[in-house]
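Chemist: Take this structure first; my questions come after.
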Amino acid sequence: MPGLLDNSTLLDLGDILIVAVLVYHFSLVLKKDAAVRLLIFLLLFFSCFYMAQLSGFSSTTWLLRTIFSSALIILAIIFQGDIRRAILSLGRRPVPANTQDETTETIEELVRAVGEMSKKRIGALIVIVRRLPIDHLVEVGTEIDAKVTSELLNSIFLPYSPIHDGAVIIHNGKLTKAGCLLPLSKNPDIAKSFGTRHRAALGLSELVDALVMVVSEETGNISLVHDGKIYYDLEQAEIRRMLRKSLDFMRLHTAAPAGEAVKP
Ligand SMILES: Nc1ncnc2c1ncn2[C@@H]1O[C@H](COP(=O)(O)OP(=O)(O)OP(=O)(O)O)[C@@H](O)[C@H]1O
């Protein structure tokens, strides 16, 4: 009796195994947005394609060819956030940088302000403009143009202040606007516990590289939102660290050629 697994069955099993491994790894790459991983994946992809073709693995070859023919669409899906950002920022000048001292001062005022508002359960939404301008995304709002101080932020967000609703915009160490409407995120995966204040923060951060601070009126929790991600219930030290990392990066890179913004 011939062996249970003859040569062609083994070949098919190997073929199926390769397809399974490729699908698994491809789904992992889709979940992460690192370009380096994608590059490694593409190298592996083409190596596998040629190996599969040489070995006569028809299913693997078919799958890889199908993936390759839709590569543009797949890349557009993976990098949809970056592509959208690039399109929105086309033709717009990067925001000029702040000095080290101004940055440190602004950070300390912000940390103090959100700490105080958190204790008093005052809801707040603070947008810190980084490299990409946001004017085209912000609706309404009252022009202010004042130095960022914790006292000013506290008084703007007091519930009886006429401009407490909406977001304040901080641009280059100056509080430039208050009572602004931001685009709401349409991401269906946002936890139901997050209302419109958090959705507005996420919505803007999905479109530009701004850093958004949120103080929850309901819980007093402080969150930082960046790049479509929410860093929830942060301690003061963590907020300071993330602000410093994000704003220092911007300060140091504004004069340099355009590069990728880092996550805080
Ligand atoms: N599109 C928007 N842009 C800016 N601010 C907004 C926007 N939509 C709602 N807000 C602000 O969010 C407030 C309502 O917050 P809501 O309670 O719905 O959100 P939340 O995420 O649950 O926040 P909290 O934890 O503070 O309750 C509004 O009063 C307004 O100040």
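The values are calculated or read from the model by the stated rules, or taken from the named source; none is laboratory data. Just so it is clear, the structure is predicted and the values come from calculations on it, not from any experiment. Here Cβ is always computed from backbone atoms with ideal geometry, including for glycine, and neighbour counts include all displayed protein chains. Surface accessibility is based on the protein's heavy atoms, side chains included, excluding ligands, DNA and RNA. Shrake-Rupley method; radii C 1.70, N 1.55, O 1.52, S 1.80 Å.
Chemist: Quick one: count up the residues across region 228-239 that are open to solvent by 10 Å² or more (accessible area, probe 1.4 Å) and in contact with a Leu (Cβ under 7 Å, 6 or more places away or on another chain).
Modeler: 4
Chemist: Ok, one more. In the list ARG121, ARG130, ARG65, which residue meets the criterion of being open to solvent by 60 Å² or more (accessible area, probe 1.4 Å), modelled with pLDDT of 70 or more and either in a helix (DSSP H, G or I) or touching a helix residue (DSSP H, G or I) at 6+ places or on another chain (Cβ under 6 Å) (or both)? Quick ask: steps written out before the conclusion?
Modeler: Values: ARG121 fails: either in a helix (DSSP H, G or I) or touching a helix residue (DSSP H, G or I) at 6+ places or on another chain (Cβ under 6 Å) (or both); ARG130 fails: open to solvent by 60 Å² or more (accessible area, probe 1.4 Å).
Result: ARG65 is the single residue among ARG121, ARG130, ARG65 that is open to solvent by 60 Å² or more (accessible area, probe 1.4 Å), modelled with pLDDT of 70 or more and either in a helix (DSSP H, G or I) or touching a helix residue (DSSP H, G or I) at 6+ places or on another chain (Cβ under 6 Å) (or both).
Chemist: Still on this model: Among (1) on the phi > 0 side of the Ramachandran plot; (2) open to solvent by 30 Å² or more (accessible area, probe 1.4 Å); (3) within 14 Å of the ligand (Cβ to nearest atom); (4) not acidic (Asp, Glu), where does PRO162 come up short?
Modeler: (1)
Conditions (1) within 27 Å of the chain's Cα centre (by Cα); (2) within 19 Å of VAL215 (Cα to Cα), marked per residue:
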position	(1), (2)
ILE144	no, no
VAL148	yes, yes
PHE157	yes, yes
SER161	no, yes
HIS164	yes, yes
ALA167	yes, yes
ASN172	yes, no
ALA178	yes, yes
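Chemist: Residue check, VAL138 against (1) within 9 Å of the ligand (Cβ to nearest atom); (2) at pLDDT below 90; (3) closer than 20 Å to LEU243 by Cα, all met but one. Which one?
Modeler: Of everything listed in (1) within 9 Å of the ligand (Cβ to nearest atom); (2) at pLDDT below 90; (3) closer than 20 Å to LEU243 by Cα, VAL138 misses just condition (3).
Chemist: Any idea which of (1) surrounded by fewer than 21 Cβ atoms within 10 Å (Cβ to Cβ); (2) out of contact with any Leu (no Cβ under 6 Å at 6 or more places or on another chain); (3) in a strand (DSSP E or B) is the one ILE144 doesn't satisfy?
Modeler: Going through the list (1) surrounded by fewer than 21 Cβ atoms within 10 Å (Cβ to Cβ); (2) out of contact with any Leu (no Cβ under 6 Å at 6 or more places or on another chain); (3) in a strand (DSSP E or B), ILE144 breaks only (2).
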